[in-house]
1. Of the residues L209, L175, which single one is modelled with pLDDT of 95 or more and either within 13 Å of the ligand (Cβ to nearest atom) or assigned by TED's automatic domain parsing to the domain that holds T25 (or both)?
2. Please go through region 172-188 and pick out each residue that is without any contact (Cβ under 8 Å) to a residue 60 or more places away in the chain and assigned to a loop (DSSP other than H, G, I, E, B).
3. Being farther than 20 Å from N94 by Cβ and either buried (at least 16 other Cβ atoms within 10 Å of the Cβ) or outside the structural domain of A71 (by TED's automatic domain parsing) (or both) is the filter here; which residues of region 9-19 pass it?
4. Which ones in region 20-67 are more than 16 Å from the ligand (Cβ to nearest atom) and open to solvent by 50 Å² or more (accessible area, probe 1.4 Å)?
5. For T317, work out the one condition from (1) out of contact with any Phe, Trp or Tyr (no Cβ under 9 Å at 6 or more places or on another chain); (2) within 16 Å of the ligand (Cβ to nearest atom) it doesn't fulfil.
6. If E307 passes every condition in (1) away from the ligand (no atom under 11 Å from the Cβ); (2) touching a residue at least 12 places away in the same chain (Cβ under 8 Å); (3) out of contact with any Ser or Thr (no Cβ under 8 Å at 6 or more places or on another chain); (4) of a type outside the set (G, A, S) but one, which one does it miss?
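The values are calculated or read from the model by the stated rules, or taken from the named source; none is laboratory data. Just so we're clear, the structure is a prediction, and the values are computed from it rather than from any experiment. Ideal geometry is used to build each Cβ from the backbone, glycine not excepted, and the neighbour counts take in all protein chains shown. Ligands, DNA and RNA are stripped out before the accessible areas are found, and what is left, the full protein with its side chains, is counted by its heavy atoms. Shrake-Rupley method; radii C 1.70, N 1.55, O 1.52, S 1.80 Å.
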Amino acid sequence: MKIGGTPYRTIWPESDGAVGIIDQTRLPHAFETLKLATLEDAAHAIRIMQVRGAPLIGVTAAYGLALAVRADASDGGLESAAKTLAATRPTAVNLAWALNEMLQILRPLAPAERVAAAFAKAAELADDDVETCRRIGAHGKAIIEEIAGKHDRTLNILTHCNAGWLACVDWGTALSPIYQAHDAGIPVHVWVDETRPRNQGAALTAFELGAHGVPHTVIADNAGGHLMQHGDVDLCIVGCDRLAAAGDAANKIGTYLKALAAKDNGVPFYFALPLSTIDWTLSDGVRDIPIEERDARELTHMTGRAESGDIVTVQVTAPGSAGANPAFDVTPARLITGIITERGVSPASREGLASTYPEYARTA
Ligand code: MRU
């Protein structure tokens, strides 16, 4: 996607051997890029969310492994780097998926061959993610087109968190259908949940949609149910961090409440995600998907731009109050209208996913 007319991906190899990223902790107030030069740089960037979003976490981990192998290509170095990266964030399964893709290529090679192979494989995963997200967008656009065909007005789509190009390498998952519908001339307007506590909606989704010229309005996280009751939401599309094999979907905290409200109001609720987000080993997502607990400071403090123009952090809670910060929740399959994948729209069920991805589904 373009920023100020310049095309960007969220991650790229630099000519000096480092890996470039957009520092997402500075958006939307400052567009700054950073160079990752070491394994520790990559792990730190994932941990503090300079890069975030399930597919981008995976590709960053792949490049992180390539940077690690350049410093130590031994078997021990490879395994220990993979362990360090795997421990950075627990919920998005794309991280483990990407590391596994890398390890399968690198383990059989002699150490001297590993560096070139690691950078090549990381670049391949990045390119594949772009194409996968483009396809997700094409399938999602067909849903938007169909609903738009029933109305002679702008379609209102609600999304939560940021599952746009900033969360992937390009295009996005949940936002890719919206970009493609907008580009095709279908009149769409997006309700953007602010997504407390880190405000990925207000800061990142609004930034992206604005840069692409897509009409949108930021709403408080608590507003979605009210808008649905009043007929102001035609469709919800969100991203996903881990989909259990039976169709339960983990996404940013607050997604579940939106899905409940959507069910109560007959609003279709879709998750958009690639194969790399599906965890075929888990059956009951509510019980089994690990939920990341983040620092309560993300809740007790907020960062924004002051009228002076300075970026400032302020405390919003009473001094001394404790805070709890589970970063994801799980929406049970029964609340999900469908899963928009790169292979088409699948029912949120074991059978539906197995027929969309027959070569991956387990029989157990
Ligand atoms: O904590 P984050 O910002 O990494 O969480 C991101 C989300 O929950 C996204 O909606 C999800 O990863 C889907 S990304 C295409």
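1. On the way: L209 fails: either within 13 Å of the ligand (Cβ to nearest atom) or assigned by TED's automatic domain parsing to the domain that holds T25 (or both).
Being modelled with pLDDT of 95 or more and either within 13 Å of the ligand (Cβ to nearest atom) or assigned by TED's automatic domain parsing to the domain that holds T25 (or both) holds for just one of L209, L175, which is L175.
2. Of everything in region 172-188, those that are without any contact (Cβ under 8 Å) to a residue 60 or more places away in the chain and assigned to a loop (DSSP other than H, G, I, E, B) turn out to be A184, G185, I186, P187.
3. Here is the first cut: in region 9-19, the ones farther than 20 Å from N94 by Cβ are 14-18.
Across region 9-19, the qualifying residue is only A18.
4. Matches in region 20-67: H29, F31, E32, T33, L34, K35, A37, T38, E40, D41.
5. (2)
6. Tallying (1) away from the ligand (no atom under 11 Å from the Cβ); (2) touching a residue at least 12 places away in the same chain (Cβ under 8 Å); (3) out of contact with any Ser or Thr (no Cβ under 8 Å at 6 or more places or on another chain); (4) of a type outside the set (G, A, S), E307 fails exactly one: (2).
Matching residues to (1) within 16 Å of the ligand (Cβ to nearest atom); (2) touching a residue at least 40 places away in the same chain (Cβ under 8 Å):
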| residue | (1), (2) |
| --- | --- |
| A116 | no, no |
| V130 | yes, yes |
| G140 | yes, yes |
| E146 | no, no |
| K150 | no, no |
| N156 | no, yes |
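For every residue, the table says whether it meets (1) in contact with a Lys or Arg (Cβ under 6 Å, 6 or more places away or on another chain); (2) assigned to a helix (DSSP H, G or I).
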site: K35; (1), (2): no, no
site: Q50; (1), (2): no, no
site: L65; (1), (2): no, yes
site: A81; (1), (2): no, yes
site: T88; (1), (2): yes, no
site: L103; (1), (2): no, yes
site: K121; (1), (2): no, yes
site: D127; (1), (2): no, yes
